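Data block below; observations after.
The values are calculated or read from the model by the stated rules, or taken from the named source; none is laboratory data. Please read all numbers here as calculations on a predicted model, not as lab measurements. Backbone-built Cβ (ideal geometry, glycine too); neighbour counts: all protein chains shown.
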Amino acid sequence: MLAKATARESQANFIATKSSDLLSKWYGESEQQIARLFARARQVAPTVIFIDELDSLVPARGAAWASRR
């Protein structure tokens, strides 16, 4: 709701998606989904993009550094 309110106050469009909608088991399809999301956002700019459950898309902070030590 905060992201939607931010978009409304800034007079920007609002796009909401779930991380599960972006993920795919097929090679390269996740990247294509993300590219389509941002292409759509550029078409209707200015836009606020809200990705629900973003933490499932990216590893935990510091995880890459912890494995290097």
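Taking every residue in the range 34-59 that is under 19 Å from Ser24 (Cβ atoms) and pairing it with any residue that is modelled with pLDDT of 90 or more and among the aromatic types (Phe, Trp, Tyr), at least 6 positions away or on another chain, the pairs with Cβ-Cβ distances below 9 Å are Ile49/Phe14; Ile49/Phe38.
When you check Thr6 against the structure, is it of a type outside the set (A, V, I, L, M), touching a helix residue (DSSP H, G or I) at 6+ places or on another chain (Cβ under 6 Å) and touching a residue at least 24 places away in the same chain (Cβ under 8 Å), yes or no? Judged against the criteria, Thr6 is not a match. The criterion of being surrounded by 13 or more Cβ atoms within 10 Å (Cβ to Cβ) and either assigned to a loop (DSSP other than H, G, I, E, B) or hydroxyl-bearing (Ser, Thr, Tyr) (or both) holds for Ser30.
Residues in the range 33-69 that are at pLDDT 90 or above, loosely packed, with under 12 Cβ neighbours inside 10 Å and within 21 Å of Leu2 (Cα to Cα): Val44, Ala45, Pro46. Within the range 1-27, restricting attention to residues that are among the hydroxyl-bearing types (Ser, Thr, Tyr) and assigned to a helix (DSSP H, G or I), the residue that is nearest to Leu57 (Cα to Cα) is Ser19.
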